[in-house]
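Input: a single structure, listed below in structure tokens.
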Amino acid sequence: MNLPSRRGARRHQLGVESRARAWRRHHLRMAVDSARRLRERPLASLMTMLAIAVALMLPAILWLVLSSASLLDRNLDDSAQMTLYLSPQLSESRAMEIADRVGGMAGVDATRLITAAAGLQEFQQRLGTGDTLALLDDNPLPATVVVQPSSRNPEQVQALAEQLDGLEGVERARLDMAWLERLRQLAELGQRLVIALGVLFACGVLLVVGNTVRLAVESRRREIEVVTLVGATHAFVRRPFLYSGAWYGLGGGLMALVLLFAGRQWLSAPIDALARSFGTHYTLPALGLGGSAFLLCCGTLLGLMGAWLAVDRHLAGIRPR
């Protein structure tokens, strides 16, 4: 009684393995066949991939521009400072005590004391008046403490400025964060613009792939009717078109990467020369390995989605006769 049971279980296990092998073989055959059909029409395939590449490139370029602005934002964060103007009556030793006290407070990264004499000397150098200001009876400039906040959050820095403004010996705390807040607002606007353009061009990729796959479905309508008549499921019929959409998306992503690399190489030399003329150095940002993989994944997934939508819509209207 146990023998037939074991034999039946073994037959069932072999049947599952056979179906799995057949499923894998069919996927591989459809992937290869889809790639072969694209090679048979190289011009049409390249035009479709180029349209996808352009749709993927534009949001990527804007994202790189925002990444460059983020680097600038981080560099400018390092110079975000507040200035404490001390009372003119304070002695230099008392000013040093205040600077040390402020440097030990929470939320302060570093402090720098500028004495009244050092401030007057720096003012003379910038003004270019020589020793003219030395004729004054009294130094009109107070001692100042330049404070580097540890936080870059505008609310926290503002609260720190109000706290320092109430210290004894501090006449006024001036905060230089308005320009940084404007820069952050521009960065936020740019991020939303990238998202909007990304969604818009993703819809464009779906339309391009969907229209191309729709034409392929129409050209193979008789073949689809025959295989449906003999019992093929929609998943079986849909599979080669999905691979075609994936190949289109992957090819478009690769072309976008090539165009981005070529454009970066073309623009690097004049931009570097312009930066050197201003006494600085600037390198165009690149997508990197992670960004390139993300772009390829987006292109492939969009190609799959566009093909799926097009095939499902047209398979519903195809009936075997």
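General observations
- The test for being surrounded by 14 or more Cβ atoms within 10 Å (Cβ to Cβ) and either assigned by TED's automatic domain parsing to the domain that holds Leu50 or modelled with pLDDT of 80 or more (or both) does not hold for Gly231.
- Those residues of region 229-242 which are assigned to a helix (DSSP H, G or I) and closer than 14 Å to Val311 by Cα, in sequence order: His234, Ala235, Phe236, Val237, Arg238, Arg239, Pro240, Phe241, Leu242
- When Arg276, Arg184, Arg174 are screened for being surrounded by 14 or more Cβ atoms within 10 Å (Cβ to Cβ) and basic (Lys, Arg), only Arg184 passes.
Residues are listed down the side, and each one gets a yes or a no for (1) within 29 Å of the chain's Cα centre (by Cα); (2) within 22 Å of Ala51 (Cα to Cα); (3) not in a helix (DSSP H, G or I):
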| site | (1), (2), (3) |
| --- | --- |
| Ile195 | yes, yes, no |
| Leu215 | no, yes, no |
| Arg222 | no, no, no |
| Ser244 | yes, yes, no |
| Leu259 | yes, yes, no |
| Arg264 | yes, yes, no |
| Ser268 | yes, no, no |
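- Number of the condition not met by Leu200 [criteria: (1) surrounded by 12 or more Cβ atoms within 10 Å (Cβ to Cβ); (2) touching a residue at least 12 places away in the same chain (Cβ under 8 Å)]: (2)
- Any chance Leu58 is modelled with pLDDT of 85 or more and within 16 Å of the chain's Cα centre (by Cα): yes
The values are calculated or read from the model by the stated rules, or taken from the named source; none is laboratory data. What you see is a predicted model, and the numbers here were worked out from it, not measured in a lab. Glycine gets a Cβ as well: all are built from the backbone with ideal geometry, and neighbour counts include every protein chain shown.
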